[in-house]
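The values are calculated or read from the model by the stated rules, or taken from the named source; none is laboratory data. Here the structure is a predicted model, which is why all the values come from computation and not from measurement. As a convention, Cβ positions derive from the backbone with ideal geometry for all residues, glycine included, and neighbour counts pool all protein chains shown.
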Amino acid sequence: MIRLGVLISGGGSNLQAIIDAIVVGTLDAEIVTVISNKEDAFGLERARKSGIRAVFVDPATFDSASDYNIALRDELQAQEVEYVVMAGYMKLLGVEVLDAYPTRVLNLHPALLPSFPGAQGINDALEYGVKVTGITVHFADEVFDRGPIIAQTAVEVFEDDTVDSLAERIHQAEHKLYPKVLQWIAQEKLVVEGRRVHVRR
Ligand code: GRF
């Protein structure tokens with residue numbers, strides 16, 4: 001049973017997928033805190049509805065990004081979080097947190113990295129005209145969308161796709177893959193060798 005701290009900024013559909021996987025027993029984990037940098041993030045409500053601690057940490061109340069990240073780290077450590085799970089957290093995570101959780105911070109990106117990093121991965125892939133895009137789960141480091149890749153799923157781009165229709169299939173793939181990767185971690189199946197992450201079968 002691993003103790004997760006989930007960072008969000010918005011809707012939290014991936015948070016919900018993780019909660020659901022825990023409830024049905026396909027993920028041996030406990031979410032001990034959900035932290036949002038946005039007060040109105042619907043994910044906070046999802047957490048509270050499931051009886052999970054949900055906190056809004058307001059970046060505007062800190063003098064510096066560093067102080068804000070120290071507050072995040074303090075909350076994670078106070079709840080004895082073992083793995084930090086970014087699920088639609090739209091802010092760069094500071095070294096204050098990353099250094100406290102080496103190869104223990106995960107991020108989810110809605111494109112096949114290293115293609116289309118950044119906040120508009122779905123839109124950028126569609127506009128570029130790729131025929132296949134997808135999703136990436138990776139360990140986070142101090143550069144957006146760069147850390148070692150754990151798992152990816154390809155998602156085909158259809159002729160008549162809009163950002164919304166493509167986003168829907170991207171999200172479906174995310175909701176399957178993220179809980180699965182977390183279960184690999186719970187089962188200690190991941191071996192990290194530099195940039196290469198191996199999954200023991
Ligand atoms: C996901 O598409 C994820 O890849 C990206 O932000 C989105 C979050 O969606 N980083 P949700 O808040 O989990 O619904």
Got a number for residues in region 1-17 being surrounded by fewer than 23 Cβ atoms within 10 Å (Cβ to Cβ), within 12 Å of the ligand (Cβ to nearest atom) and of a type outside the set (S, T, N, Q)?
3
Based on this model, can you work out whether R53 counts as within 17 Å of the chain's Cα centre (by Cα), away from the ligand (no atom under 16 Å from the Cβ), modelled with pLDDT of 95 or more and over 26 Å from G118 (Cα atoms)?
no
Considering every residue within region 56-66, establish whether at least one is in contact with an Asp or Glu (Cβ under 8 Å, 6 or more places away or on another chain) and of a type in the set (D, E).
yes
Residue pairs qualifying under the 9 Å Cβ cut-off, at least six apart or on distinct chains, with the first in region 176-193 being part of a loop (DSSP other than H, G, I, E, B) and the second being loosely packed, with under 15 Cβ neighbours inside 10 Å, are Q187/D28; Q187/R200; E188/R200; K189/H198; K189/V199; K189/R200; K189/R201
Region 129-164, residues that are of a type in the set (S, T, Y) and loosely packed, with under 12 Cβ neighbours inside 10 Å:
T162
Hey, S66 hits all of (1) under 19 Å from V105 (Cα atoms); (2) within 16 Å of the ligand (Cβ to nearest atom); (3) exposed (fewer than 14 other Cβ atoms within 10 Å of the Cβ); (4) not aromatic (F, W, Y) but one; which does it fall short on?
(2)
Would you point out the residue of region 147-164, among those that are outside any strand (DSSP E or B) and more than 14 Å from the ligand (Cβ to nearest atom), that is nearest to G10 (Cα to Cα)?
T162
Filter result for G88 (small (G, A, S), at pLDDT 95 or above, part of a loop (DSSP other than H, G, I, E, B) and within 16 Å of the ligand (Cβ to nearest atom)):
yes
Just to be sure before I move on: is F144 outside any strand (DSSP E or B), in contact (Cβ under 8 Å) with a residue 40 or more places away in the chain and out of contact with any Cys (no Cβ under 6 Å at 6 or more places or on another chain) in the structure I sent?
yes
Within region 34-41, is even one residue within 16 Å of the ligand (Cβ to nearest atom) and hydroxyl-bearing (S, T, Y)?
yes
Which numbered condition in (1) of a type outside the set (K, R); (2) surrounded by fewer than 16 Cβ atoms within 10 Å (Cβ to Cβ); (3) within 12 Å of the ligand (Cβ to nearest atom) is the only one that Y178 fails?
(2)
Has region 126-145 got any residue that is farther than 22 Å from I18 by Cα, touching an Asp or Glu at 6+ places or on another chain (Cβ under 9 Å) and within 14 Å of the ligand (Cβ to nearest atom)?
yes
Residue check: is L72 modelled with pLDDT of 95 or more, part of a loop (DSSP other than H, G, I, E, B) and within 25 Å of G147 (Cα to Cα)?
no
When only residues in region 107-125 that are within 11 Å of the ligand (Cβ to nearest atom) and outside any loop (DSSP other than H, G, I, E, B) count, which is surrounded by the fewest Cβ atoms within 10 Å (Cβ to Cβ)?
L108
